[in-house]
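Notes follow the structure.
The values are calculated or read from the model by the stated rules, or taken from the named source; none is laboratory data. Since we're looking at a predicted model, the values are computed, not measured. FYI the Cβ positions are ideal-geometry reconstructions off the backbone, even for glycines, and counts take in every protein chain you see. Areas reflect the complete protein model, heavy atoms only, side chains present, ligands, DNA and RNA absent. Shrake-Rupley method; radii C 1.70, N 1.55, O 1.52, S 1.80 Å.
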Amino acid sequence: MRTALAAVAVVLLIAGLPACGGSSSSSSSSGGTGTTTGPASSSLVAKVSNAKASYDTGKITASVDVEEGGHPGKKLTLRYGLVDAVSGTRASESEEIAARFVTTAQVKKVTETVKIPKPTPTDYLVHFVLYAPDGSYLASSDSDVFTVGS
């Protein structure tokens, strides 16, 4: 029953979160590794995929792959939020900044990683969103549901 409820909550959450905006806040630790993945392009490439999260030793570690570039000079912001998978509501007060990018003509792929302090025990997922310079939604990816124990 709890798993079915969590699945329904995740579906509802995914349908509603892409339009959610975030407020300014301080950044959590992040570490990116980058590679150039393709030739220069004139159109903006902004993709977020392969979100993962796990809980171990008192903290959540989450990562996501970001592919960006093609149109030089665009300032993109990657944000993340912790979501209660049981209720479908945001567990973090606001979306936190995971990384900022300034695009180049070359398309680059990076993996960004964040650490989140232990929240109240329940089932969660981590929602990553890539925003354009004007704050509009570009792409998102959610981790699988994971459990934080007591």
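Structural remarks
- Selection over region 65-95 of residues that are on the phi < 0 side of the Ramachandran plot, of a type outside the set (Ser, Thr, Tyr) and open to solvent by 30 Å² or more (accessible area, probe 1.4 Å) gives a count of 10.
- Filtered residues of region 62-118 (kept if more than 12 Å from residue 131 (Cβ to Cβ) and among the hydroxyl-bearing types (Ser, Thr, Tyr)): 63, 87, 89, 92, 94, 103, 104, 111, 113
- Checked against (1) without any contact (Cβ under 8 Å) to a residue 24 or more places away in the chain; (2) β-branched (Val, Ile, Thr); (3) over 30 Å from residue 120 (Cα atoms), residue 57 passes all but condition (3).
- Within region 42-53, residues that are open to solvent by 50 Å² or more (accessible area, probe 1.4 Å) sit with their Cβ atoms under 7 Å from residues that are assigned to a strand (DSSP E or B) and not β-branched (Val, Ile, Thr), at 6+ positions apart or across chains, in these pairs: 47/67; 47/139; 49/65; 49/141; 50/65; 50/141; 52/62; 52/63.
- Region 123-150, subset touching an Asp or Glu at 6+ places or on another chain (Cβ under 6 Å) and surrounded by fewer than 19 Cβ atoms within 10 Å (Cβ to Cβ), residue nearest to residue 48 (Cα to Cα): 145
- Filtered residue count, region 96-122, keeping only those that are within 18 Å of residue 52 (Cβ to Cβ) and open to solvent by less than 70 Å² (accessible area, probe 1.4 Å): 10
- In region 127-146, the residues that are within 19 Å of residue 63 (Cβ to Cβ) and in a strand (DSSP E or B): 127, 128, 129, 130, 131, 138, 139, 140, 141, 142, 146
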